[in-house]
């Protein structure tokens, strides 16, 4: 009888703990599922990426070396018309000057990503120099767009082991599209650009167009490229968007990715 009384007192004293244990046991399958989802969701891109691993008819669109203030509005209008999104790789030192465009692009669902702070050749600097430059670009972009970049397009396509380490330290994946999917600065004509892109595009392609001054041909080609991609059944998103579509369980850490 004495033991029985003590047990009842113990139950009353620890009822909240016992209820928690009972609930955990009852919902253990759900809890394990959530833990697994979080573990998968924590995954993020790493290393150097030239193509996104998807069999779905998604392609990523990106711009670098800009934006060209004279063409920025037209680019956003074209994206909106074709219900497409893109990644804009911005130089950190230009971010404040392009504040209005960055805000408008981000609000429209596009991603603002890292193109270094000073448009430097990352391959000829030390790890510390690369890290400082990329960190400064991240801070400049985040202060305006409200989101931390997840991707790096290295100027001149130049990288080194030190640059890769610096990018990895900041959780930046390096984007190096294949030559057929990257349009060079000063490309000759819109028709040549269209032929080049459409000849190489496939699911998971990363199409990179220059949108800085002097690249009017690439910008004139954009509406036709978007139209042809739609005809061929492709959906066009930012690199992060297509990454999410490829990895459905990216999870809570990437809910603010665009």
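Read-outs throughout are calculated quantities, based only on the coordinates presented, and are distinct from any laboratory measurement. Please read all numbers here as calculations on a predicted model, not as lab measurements. Here the Cβ positions follow ideal geometry from the backbone for every residue, glycine too, while neighbour counts run over all protein chains shown.
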Q.
List residues of region 157-175, by number, whose backbone nitrogen lies under 17 Å from a label position 7 Å along Cα→C-beta of residue 128.
A. 162-163, 165-167
(Q) Can you compute the modelled spin-label distance between residue 158 and residue 83, with each label point 7 Å from Cα toward Cβ, in nm? (A) 4.3 nm
Q.
For the pair residue 74/residue 121, report the inter-label distance in nm, with labels modelled 7 Å from Cα in the Cβ direction.
A. 3.2 nm
Q | Where N is the number of residues in region 88-200, Cα Rg divided by 2.2 N^0.38 Å | A | 1.12
(Q) Distance between the C-alpha centers of region 174-240 and region 116-146? Whole Å please. (A) 26 Å
**Q.** Spin-label proximity, residue 192 to region 224-242 - amide N less than 19 Å from point 7 Å beyond Cα toward beta carbon
**A.** 224-225
